[in-house]
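Values quoted throughout were computed directly from the atomic coordinates according to the rules given, and no laboratory measurement underlies them. Keep in mind that what you see is a predicted model, and the values were worked out from it rather than measured. Cβ: placed from backbone, ideal geometry, glycine included. Neighbour counts: every protein chain shown.
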Amino acid sequence: MYKIIIVEDEIPVRNAICNIIEWEELGYELVYVSGDGQDALTYIENKQIDVILTDICMPFMDGLELSNEAKKILPTVKIVIITGYNEFEYAHKAVEIGVDHYLLKPITADEFTKMLIEIKNELDNEFSKKRNLLALKKQVETNKDILRDKFLMNLLYNKINSNIIREKVNNLGIKLEGTKYIVAVLQPENIKEIADSNWDCDYQLLEFAILNICNEVLTNYGQNICILGNDDQLIIFFVNDNQDEIEFRDTIDEIMNKIIVCVEKFYNIGMYIGVGDNYAELQDLHFSYKDALNALEYRVLNGSNKIIYKMDVEKTSSFSYHKIDEYLRELEYAIKIGGNKTDKIIDYIFSIIIFSNVHISQFRTILLKITTTILKAYEDICSGSPNDVIIDFNQFNEVFGKEKIDEVKTYYKKLCKNLSNEINKERIDIKASQMQKAYQFIYNNYQNKSLDINMICNHLNISSSYFSRIFKTETNETFMQYLTKVRMEKAKDLLMNSDYKVYEISEKVGYEDPHYFSYNFKKKTGVKPTQYRKKEVEC
């Protein structure tokens, strides 16, 4: 609907015009009716009016003067002058002012309607052209932004001939006029997961939202530019306009901290930020970009919402695996023997990682070393590899990709604890199995005069010291004490239930010397073998 006002000092004429036209059907909204030009001018000063229908002869301000002033306020407004005078001077003045239509009274409703339809068509055409021009302008601006972003990315990839960089910058309207330049790379934390779980939207929408925040913050800080990069990253080009390095860094810190606060506040997303070094030439920006990406690789130790400068990590990034390997040997032993030392060793390892400010590739190498050590400790004690209940490999893959060091440390502590418990359980099962085999071997071979601890350990494939320790723990006797007890019990049985001579029984229970057998028998029972047989027979 186009907005129209009527300015006519004669009340009957004014009322007639208002009442004879079906304004809405013709596409108009009659928004104001006035009896003099001065009042009408005051009204339109703060309004968007499309058509002014005015008489010429009016008090205070005539129609021509109103038209002239109105055109100054609203250059595109359509003006229709209605008059009872058919004089050339009026018509000439109206043309000079820019009046669109000049009508002579009296006017019929049909003439009025025809004129309003004509004006509406003019307005429609102008609006259509304006809309097309705006769309074209927007398209040009969009294409220009696309070309700008593509150029800047190619600049970061060192794909632009240095001889034409400045020409391209000027042609694309990019404001990069400074003494030095720095590139920063911003990596939103878990943006895909947050977009899916918290916002139920495509993560690229969140990227654009963060881009808008960056650009809003940057508007207050000169020529700096932010664009979308690759791998969910955003890239900021900082332009140093005659600041010293300390001031320039302070400015970057201030900008980044504002971005961090806004993104955290509105979208609950943390930001990893890597900042490259200063470079004086635009053709060297690819070096600053690589610096920023390299700084970003240290994010695992710094955590989100921290600004990591390449120059800072270079000072602290010397690292050797030697101390890590020492603690891994201790970790393997601690897992094997059980107990609660594994937590402390894991803490030591991760404190070295943090203190050394390791690169993310070094960090993941250490995680592989820890995992290999844990699995080796398990396989050395237990049969086969750990099952999915003990170590969830899907979860391991997830943890391996995490960038929060506390979460990773907690995972490995829990894993070591689970494996230690499983090893203890396995050790108990193995011990029980070994003892069962030992008992069986003794009962099957007690007649063998050569039976000793070495023979049984060879059979069980374990060391004599380990066997002696677990045998003593389980039976509260030494191996020889237990073997002697078994032999004596068998000798008692033979003395009671057979006619074998004592020397024959001595041989059957593993003694080569009958006298030594009799000595041991009396020591255990308090009587000689012959006396034991006689005593039992009498009973």
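Tabulated data for the structure shown
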read-out: Qualifying GluC sites (Glu not before Pro) in segment 436-539, DSSP loop, other Cβ atoms within 10 Å at most 14; value: Glu477, Glu512
read-out: Gyration tensor (alpha-carbon) shape descriptor, segment 2-128, a/c threshold 1.5; value: rounded
read-out: Debye intensity ratio in log₁₀ form over the Cα atoms of segment 1-63, taken at each q of 0.22 Å⁻¹; value: -0.88
read-out: Length gained when the stretch Val33-Asn268 is fully extended (0.36 nm per residue, less Cα-Cα span); value: 79.2 nm
read-out: Summed side-chain charge close to Gln223 - residues other than Gln223 whose Cβ falls under 10 Å, Lys, Arg +1, Asp, Glu -1; value: -1
read-out: Viscosity 1.306 mPa s, 10 °C: Kirkwood-radius Stokes-Einstein D of the chain over Cα pairs, µm²/s; value: 47 µm²/s
read-out: Computed FRET value (nearest 0.05) for Tyr500 with Lys523, which takes r as the C-beta separation and R₀ as 30 Å; value: 0.90
read-out: Segment 446-538 - Debye-derived log10 I(q)/I(0), Cα point model, q = 0.10, 0.19, 0.25 Å⁻¹; value: -0.30, -0.87, -1.21
read-out: Long-range HN-HN contacts of Met61 with modeled amide H, under 5 Å; value: Gly37, Gln38
read-out: Beta bridges by DSSP in the chain, antiparallel share as percent, to the nearest 5; value: 45 percent
read-out: Sum of -39500 (n - 2.57) over DSSP H runs of 4+, divided by residues of the chain (222 nm, nearest 500); value: -20000 deg cm²/dmol
read-out: P(r) weight above 20 Å for segment 174-315, C-alpha pairs, percent; value: 43 percent
read-out: Neighbourhood charge, 13 Å Cβ-Cβ cut-off, centred on Glu326 and excluding it, Lys, Arg +1 and Asp, Glu -1; value: 0
